[in-house]
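In what follows, a structure is listed as structure tokens, so that the remarks can point back to it.
Since every read-out is calculated from the coordinates, none of them should be taken as a lab result. Every value quoted in this text rests on a predicted model; they were computed, and no experiment measured them. Cβ placement follows ideal geometry from the backbone for every residue including glycine, while neighbour counts extend to all protein chains displayed.
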Amino acid sequence: MQVLLIGCGRMGSAMARGWRGSEPVLVFDPMVDAVPEGTERVETPGTVAGGAELAVVLAVKPQVFGSLGEALRPLADRGALFLSIMAGIALAGLGAALGGSGRIVRAMPNTPAAIGRGITAAVAGADVADADRAAVDRLLAPTGELVWIDDEGQIDAVTAVSGSGPAYFFRFAEALAAAGAAEGLPPALAMRLARATFTGAAALADADAAPLADLRRQVTSPGGTTAAGLAEMDAIDDLARAVVAAAAARSRALAG
Ligand SMILES: NC(=O)C1=CN([C@@H]2O[C@H](COP(=O)(O)OP(=O)(O)OC[C@H]3O[C@@H](n4cnc5c(N)ncnc54)[C@H](O)[C@@H]3O)[C@@H](O)[C@H]2O)C=CC1
Ligand SMILES: O=C(O)[C@@H]1CCC=N1
């Protein structure tokens with residue numbers, strides 16, 4: 001399948017790197033100086049030849065999409081498959097902007113996609129055939145795991161948990177480093193310890209299928225230091241609830 005990538009920023013270029021050599025890839029992004037090696041730049045997306053065998057991947061910011069719908073409509077009219085990774089733009093809104101097309105998959109990846117370690121949830125529009133799902137499986141395979149969901153209503157929560165999620169873990173590691181510095185460590189050492197602990201814990205969770213609670217208990221000696229630290233973390237459940245609720249609300253608000 002030929003791919004036309006609309007928007008070649010962080011997520012678009014990560015996907016394009018994964019496709020190198022396996023799919024012919026055209027890129028429309030007037031703002032970038034160079035397109036990824038092995039891809040070809042196009043100046044006007046609507047004039048790209050190709051009908052049902054073209055997959056158009058929408059990877060611009062949601063706020064930008066409104067100005068692009070008109071230019072992409074000829075591609076929808078010719079039967080292209082659309083794959084959107086934009087936060088907060090629902091299948092109905094995408095379909096309306098594309099002249100009523102239902103051959104659209106709405107997906108929510110995350111930044112570990114750049115190293116093939118992402119997780120994406122995807123929901124299919126009304127006119128998406130099994131072969132289209134297989135094409136999307138193929139397109140997203142280089143980015144990591146893919147899970148299909150049936151209920152588009154879940155996408156806001158997916159966005160809030162896994163789409164935005166990497167930032168929460170980075171933010172916590174930053175806070176851990178700052179706390180180590182406050183406890184007297186040189187800041188660079190505190191950051192080195194926090195970062196290696198964060199990536200090491202993630203690698204351990206990846207290598208060991210045990211429940212996270214078990215991995216946590218393995219660190220926690222009765223009456224020891226970890227127990228003392230964890231006793232201060234009771235607020236984390238309410239905090240996580242507030243974080244995810246705020247991100248999901250923003251996802252719903254972007255949908256308008
Ligand atoms: N960054 C993330 O963690 C995730 C982002 N997303 C979604 O992916 C989409 C892209 O996000 P990022 O890659 O982070 O943003 P980005 O800002 O890195 O990339 C957007 C790209 O769109 C280009 N662009 C702007 N106007 C354009 C136009 N009129 N026509 C063509 N290209 C245009 C920009 O030059 C830029 O290269 C967003 O809709 C976001 O909601 C989804 C999951 C995770
Ligand atoms: O912050 C955002 O809106 C995008 C969607 C998920 C991650 N980044």
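Remarks
- Beta bridges from DSSP with both residues in the range 86-237: antiparallel share about 45 percent, rounded to the nearest 5.
- Taking GluC sites (Glu not before Pro) across the range 16-80, the ones in a DSSP loop with at most 15 further Cβ atoms lying within 10 angstrom of their Cβ are Glu37, Glu43, Glu53.
- Taken along the Cα-to-beta-carbon direction at a fixed 7 Å, the label points for Glu40 and Ile236 span 5.1 nm.
- Choice from Thr120, Thr44, Thr111 with maximal GNM fluctuation in the chain (Cα, 10 Å cutoff): Thr44
- Compared with the dominant Cα axis of the chain, that is its longest principal axis, helix 130-140 is turned about 50°.
- Footprinting exposure proxy for Trp148, Trp19 (fewest neighbouring C-beta atoms within 10 Å first): Trp148, Trp19
- Antiparallel beta bridges, as assigned by DSSP with both residues in the range 6-145, represent about 25 percent of the total such bridges.
- Within the chain, all pairs of alpha-carbon atoms sorted by distance into 10 Å bins from zero give the percentages 7, 26, 31, 18, 12, 5, 1.
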